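Report on one structure; see the data block that follows.
What follows is calculated from the coordinates using simple rules that are stated; it is not laboratory data. All values reported here derive from a predicted model rather than from experimental measurement. Glycine also receives a Cβ, built like all others from the backbone with ideal geometry; neighbour counts cover every protein chain displayed.
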Amino acid sequence: MKITDHIKKANGKTLFSFEVIPPKKGNNIEELYANIDPLMEFKPPFIDVTTSREEFVYIDKGNGLLARKITRMRPGTVGICAAIKHKYDVDTVPHVLCGGFTKEETEYVLVDCQYLGIDNVMALRGDAMSHQKYFEPNKEGNQYAVDLVAQIQDLNSGKYLHEVLEASNKSNFCIGVAGYPEKHLESPSLQSDLKRLKEKVAAGADYVVTQMFFDNQKYFQFVAAARKAGIQVPIIPGIKPIAVKRHLQLLPQVFKIDLPEALITTIESCKTNKDVRAVGIEWAIAQSKELLAAGVPVLHYYSMGKSDNIHSIASALF
Ligand code: FAD
């Protein structure tokens, strides 16, 4: 079922959902299931599965030299979506990227999703590789998320690449895109980023999931500005509980987001990462309660591997 239909069916009740990351190549899927199992009691209507682009790995050649190889360390997003959907009878949302994929490969991914009965996809640009200063699209790939949305919409109207097919079989994907309450790190201004978001919606995006934020005012202001700009689709807040002290530097550095002073001071006073995890849970509960009271359509949590903290948060709310 489409995310937008889940939201309509909930009739104003806030839904619970979360995002998982595929295991690293060589690990099995059981650890992922062990993290999903406890969260199923909160009846998520959908679970997102992220996609990672290719990266460099260094292999010891045994002669004192390292060989640099390029590989995907966390493959299998669509397979994992199918496995989770089958095991838990829940909708799954594969993240589909521009970066590292040709349009042809993207089409294969989408065709697989259609065969597997996956109704939703999250269309994202992806980030630059670690050695690159700026994002560089694959020569035969999509440059921006808006181009990827257009490709998915083409498939929804039965238009495949190369036009070699008489396509009677149209897909019917519900398309999610990313939104940034504190603007995307490369964007010159919030206004310009909103303009880009509006283009994604005009190209066919059905809903937005936000980047993490720690001050709800940022989300409320973003939604108000989006509505003023004419963006009417659901805007789902993405919540990440802080889990380790290093997040104080890492999250602002990677995502260019601000952390509220009260949160920084409390985390700085923590003696152990166990204490930090507890503070992260309390902060996320307080954030979620306010968002619930404001009637957000879904509370969507970034689980980043371990789900015990998401379980504690959901227990306090759902
Ligand atoms: P876009 O919408 O393409 O925007 C990228 C930048 O380009 C923005 O600054 C925008 O303002 C600008 N821009 C857009 N269109 C144009 C244009 N026509 N001309 C000029 N500038 C333009 N990353 C992963 O690798 N895997 C994941 O699974 C993943 N999941 C995510 C889930 C969520 C909810 C979010 C918020 C992010 C996720 N990301 C993921 C990170 C995402 O890939 C990065 O934030 C990336 O840098 C931007 O992606 P986007 O889809 O927002 O890009």
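Below 8 Å, C-alpha to C-alpha, sequence gap of six or more: please give me the relative contact order for region 186-284 in percent.
Working: 85 pairs, mean separation 28.1, N = 99.
Once normalised by length, the contact order is 28 percent.
At 0.36 nm per residue, minus the direct Cα-Cα distance, what do A286 and M40 gain on full extension? Give it in nm, one decimal, please.
Computed gain between A286 and M40 is 86.4 nm.
In whole percent, what relative contact order does region 43-192 give with Cα contacts below 8 Å and a gap of six or more residues? Present the calculation step by step, with values, prior to reporting the outcome.
Numbers: 224 pairs, mean separation 30.1, N = 150.
Relative contact order comes out at 20 percent.
Name the residue from I118, A34, L155 whose Cα lies farthest towards the positive end of the charge dipole of the chain, charges +1 on Cβ of Lys and Arg and -1 on Cβ of Asp and Glu.
The listed residue farthest towards the positive side: A34.
Label points 7 Å out from Cα along the Cβ direction at E186 and I59: separation in nm?
Calculated label separation equals 3.0 nm.
What is the magnitude of the charge dipole of the chain about its Cα centre, with +1 placed on the Cβ of each Lys and Arg, -1 on the Cβ of each Asp and Glu, and no other charges, expressed in debye to the nearest 20?
Using only the charged Cβ atoms, the result is roughly 460 debye.
Specify whether the C-alpha gyration tensor of region 161-318 places it in the rounded, prolate or oblate class, a ≥ b ≥ c being the square roots of the eigenvalues: rounded for a/c under 1.5, otherwise prolate if a/b is larger than b/c and oblate if not. List each step's numbers first, then the result.
Numbers: a/c = 2.05, a/b = 1.77, b/c = 1.16.
Prolate, because a/c is 1.5 or more and a/b exceeds b/c.
For region 207-227 and region 23-66, what is the centre-to-centre distance using only Cα atoms, to the nearest Å?
Centre-to-centre distance over Cα atoms comes out at 28 Å.
Once R0 is set to 30 Å, what does the formula 1/(1 + (r/R0)^6) return for the Cβ-Cβ distance between L66 and Q132, expressed as a FRET efficiency to the nearest 0.05?
Values: r = 20 Å, r/R0 = 0.67.
The calculated FRET efficiency here is 0.90.
I'd like the FRET efficiency for M304 and A262, computed as 1/(1 + (r/R0)^6) with the beta carbon distance as r and R0 of 22 Å, rounded to 0.05. Intermediate values should be presented prior to the final figure.
Values: r = 23 Å, r/R0 = 1.03.
Efficiency at R0 = 22 Å is approximately 0.45.
Give me the distance in nm between label points sitting 7 Å out from Cα along the Cα-to-Cβ direction at V111 and A294, one decimal.
4.3
Highest mean first, what order results for 205-215, 83-93 on Cβ atoms within 10 Å? Don't skip to the end; give the middle numbers.
Values: 205-215: 21.9, 83-93: 17.7.
Highest mean packing first, the order is 205-215, 83-93.
For S315 and K271 in one chain, what is 0.36 nm times their gap in residues minus the Cα-Cα distance, to one decimal in nm? Can you show the working numbers first?
Values: separation 44, 0.36 × 44 = 15.84 nm, distance 2.56 nm.
That pair, S315 and K271, stretches by 13.3 nm at full extension.
Cα-Cα over 24 Å: which of K139/K200; K24/K271; K198/K218; K133/K306?
Correct reply: K24/K271; K133/K306.
Given R₀ = 35 Å, what would the calculated FRET efficiency be for L250 paired with S168, taking r from the Cβ atoms and rounding to 0.05? It would help to have the intermediate numbers written out before the result.
Numbers: r = 49 Å, r/R0 = 1.40.
Using R0 = 35 Å, I get an efficiency of 0.10.
Rounded if a/c is under 1.5, else prolate if a/b beats b/c, else oblate: with a ≥ b ≥ c from the C-alpha gyration tensor eigenvalues square-rooted, which is region 83-170?
Values: a/c = 2.48, a/b = 1.24, b/c = 2.00.
Cα axes put region 83-170 in the oblate bin.
Which shape class applies to the chain: rounded if a/c is under 1.5, otherwise prolate when a/b exceeds b/c and oblate if not, where a ≥ b ≥ c are the square roots of the Cα gyration tensor eigenvalues?
On the way: a/c = 1.38, a/b = 1.15, b/c = 1.20.
Rounded, since a/c falls under 1.5.
Relative contact order of the chain: what whole-number percent is it, with Cα pairs under 8 angstrom and at least 6 residues apart?
Values: 528 pairs, mean separation 60.2, N = 318.
Contact order relative to length: 19 percent.
Tell me the mean residue ellipticity at 222 nm calculated for the chain from its helices only (DSSP H runs of n ≥ 4, each -39500 (n - 2.57), averaged over every residue, nearest 500). Mind dumping the intermediate values first?
Working: 11 runs with 127 residues, N = 318.
That calculation yields -12500 deg cm²/dmol at 222 nm.
Could you tell me which residue out of N11, H247, Y58 lies farthest along the dipole of the chain toward its positive end? Charges go on the beta carbon: Lys and Arg +1, Asp and Glu -1, centred on the Cα centre.
Working it through, the farthest residue towards the positive pole turns out to be H247.
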